[in-house]
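This report refers to the structure that appears directly beneath it.
The values are calculated or read from the model by the stated rules, or taken from the named source; none is laboratory data. Since the structure is predicted, the reported quantities are computational estimates derived from the model, not experimental observations. Cβ placement follows ideal geometry from the backbone for every residue including glycine, while neighbour counts extend to all protein chains displayed. Only protein heavy atoms, including side chains, enter the accessible area calculation; ligands, DNA and RNA are left aside. Shrake-Rupley method; radii C 1.70, N 1.55, O 1.52, S 1.80 Å.
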Amino acid sequence: MRIRKVLLIMALVVGLVFSVGTAQAKTFVSIATGGTGGTYYPIGGGIADVVSRYAEDIQATAETGNAAVANLNLLGTHSIEFAFVQNDTAWWAARGEIMFKNAFPNIRAIATLYPETNHLVVMKKANIKSIYDLKGKRVSVGAPGSGTEADMRCLLDIAGIKYDDMKVDFLDFNNTVDRMKDGQLDAGFVVGGYPVAAIMDLATTHDVDLVSFDDDFLAKLQEKYPFYIKDIIPAGTYKGIDRDVQTPAVMAMLAVDADVPEEVVYQFTKALWEHIDEVQRVHAKAQLITLETAFDGLSVPLHDGAIRYYKEIGLKIPEVK
C-alpha cells in the first residue's frame with residue numbers, strides 16, 4: 001500500500017513537472033500600439049487575440065503605447081517584440097534621420113496595414129489651389145519633430161519650397177484646427193485615416209478645401225520617398241468638398257525586432273493572415289488590411305519569418321531600397 005502511495009506521488013510530481021514544462025514552452029510577446037482612443041490599440045488587440053488562439057506556441061498581448069516614434073524606439077532598443085508604426089517613421093528610424101538620432105537597423109516588417117492619408121487643408125478664402133501656392137501663406141506643418149511634420153518636409157522638398165518661404169507654425173492636429181477657426185492660419189497639414197474628426201468639425205463651420213496632388217508630383221515624391229502611396233479622399237468625405245481629392249498617404253505598418261526568432265514570426269504571420277477575417281471585425285480600418293496590399297509602401301525589409309510564410313503561399317517578395 002505504501003509503495004502504491006509513493007508511486008502515485010511520483011506520478012503526480014512527474015505530471016506537474018511536465019505541465020509546467022509545457023506551459024513554459026509558450027513564447028510570450030507584446031505588441032506596442034497607441035492610446036486606447038485611437039486605431040492602433042483595438043486592431044492590435046484583435047491581432048494579439050488571433051495570434052494567441054491560433055499560433056500554437058505564442059501568447060501575444062497588445063499594450064498601449066505612444067504610437068509610431070515611441071514604438072520604434074522600443075523596437076530599436078529591443079524593448080518590445082512587435083509594434084504598430086508608420087512606414088515613413090520606420091524608414092527614418094532605420095536610417096537615423098529626422099527625429100531619430102541613432103539608426104535602428106534591426107527594424108523589420110510583417111506587413112503594411114492601411115493608409116494614413118496626408119490632408120493639406122486650406123481656407124477657401126486663402127485661394128490656395130496647389131502646394132505651390134503656400135508661398136507667403138500662414139501654414140501649420142505639424143508638431144515639431146512629429147511624423148506629420150516630417151511628411152510635410154517631404155512634400156515641400158519635392159515642391160522646392162522652404163519654411164522660410166512661408167509663415168510657419170508647428171502645431172498638432174487640434175491646435176491647427178483651432179487656429180484655422182480663429183482666422184490665424186491659411187493652411188494646415190494633418191496626417192490620419194479619413195475622415196479625420198478635427199477636419200470634419202472645421203468643415204461644418206468654415207469654408208475649407210483640400211489640396212490635390214497631380215500624378216507628376218506623386219511620381220516624383222514616390223521616386224525619392226518610396227514609402228508613399230497614392231490615395232483618394234472620396235467626394236463628400238468632408239462638408240463642402242464635393243470632388244475626389246488625390247493625395248499622398250503613408251501606411252500603418254506592423255513591425256518587429258529582427259532578433260525575434262524566425263519560427264515565432266512565421267507562426268505569428270501565419271496566424272494573422274489565415275484568420276484576418278476575425279481581425280477585420282474589430283474596427284472599420286481593419287477591413288482595409290489585406291494580403292493584396294500587405295507590401296504597399298513597404299519601407300524596411302521583411303523579417304525572415306514573414307518571408308517564409310509569404311513564400312509558402314506563393315507571394316513574390318518585394319525589394320526594399
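State which residue is surrounded by the fewest Cβ atoms within 10 Å (Cβ to Cβ) when the search covers only segment 295-310 and only residues that are over 15 Å from the mean Cα position of the chain (by Cα) and assigned to a loop (DSSP other than H, G, I, E, B).
301
The rows are residues; the columns are (1) within 26 Å of the chain's Cα centre (by Cα); (2) open to solvent by 70 Å² or more (accessible area, probe 1.4 Å).
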residue: 169; (1), (2): yes, no
residue: 182; (1), (2): no, yes
residue: 188; (1), (2): yes, no
residue: 200; (1), (2): yes, yes
residue: 204; (1), (2): no, yes
residue: 209; (1), (2): yes, no
residue: 214; (1), (2): yes, yes
residue: 221; (1), (2): yes, no
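Does residue 53 count as of a type in the set (D, E, K, R), modelled with pLDDT of 95 or more and more than 14 Å from the chain's Cα centre (by Cα)?
yes
Of all the helices (runs of 4 or more DSSP H) wholly in segment 136-216, which have at least 1 residues that are under 19 Å from residue 252 (Cβ atoms) and either touching a Leu at 6+ places or on another chain (Cβ under 8 Å) or not aliphatic (A, V, I, L, M) (or both)?
Filter on segment 136-216 gives 147-159, 173-181.
Somewhere in segment 245-258, is a residue over 30 Å from residue 26 (Cα atoms) and touching a Pro at 6+ places or on another chain (Cβ under 7 Å)?
yes
When the residues of segment 234-293 are filtered to those that are in a loop (DSSP other than H, G, I, E, B), open to solvent by 50 Å² or more (accessible area, probe 1.4 Å) and farther than 21 Å from residue 210 by Cβ, which remaining residue is modelled with the lowest pLDDT?
283
Suppose we filter segment 48-72 for residues that are open to solvent by 60 Å² or more (accessible area, probe 1.4 Å) and not aromatic (Phe, Trp, Tyr); how many remain?
The number of residues fulfilling the criteria is 9.
Is it the case that segment 82-90 has a residue that's crowded, with 17+ Cβ neighbours inside 10 Å, more than 21 Å from residue 265 (Cα to Cα), at pLDDT 85 or above and hydrophobic (A, V, I, L, M, F, W, C)?
The answer is no, given that none of the residues of segment 82-90 is crowded, with 17+ Cβ neighbours inside 10 Å, more than 21 Å from residue 265 (Cα to Cα), at pLDDT 85 or above and hydrophobic (A, V, I, L, M, F, W, C).
Is there any pair with a first residue in segment 236-259 that is without any contact (Cβ under 8 Å) to a residue 60 or more places away in the chain and a second that is open to solvent by 10 Å² or more (accessible area, probe 1.4 Å) and small (Gly, Ala, Ser) whose Cβ atoms are under 6 Å apart and which are 6 or more apart or on different chains, and what are they?
These pairs meet every condition: 242/235; 243/235; 244/235; 245/212; 246/212.
Residues are listed down the side, and each one gets a yes or a no for (1) under 22 Å from the mean Cα position of the chain (by Cα); (2) over 21 Å from residue 31 (Cβ atoms); (3) open to solvent by 10 Å² or more (accessible area, probe 1.4 Å); (4) among the polar types (S, T, N, Q):
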| site | (1), (2), (3), (4) |
| --- | --- |
| 96 | yes, yes, yes, no |
| 102 | yes, yes, yes, yes |
| 112 | yes, no, no, yes |
| 115 | yes, no, yes, no |
| 119 | yes, yes, no, no |
| 122 | no, yes, no, no |
| 125 | no, yes, yes, no |
| 133 | no, yes, yes, no |
| 138 | no, yes, yes, no |
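Going by what's in this entry, would residue 142 be described as out of contact with any Cys (no Cβ under 6 Å at 6 or more places or on another chain) and surrounded by fewer than 16 Cβ atoms within 10 Å (Cβ to Cβ)?
Here the answer is no, as residue 142 does not meet what is asked.
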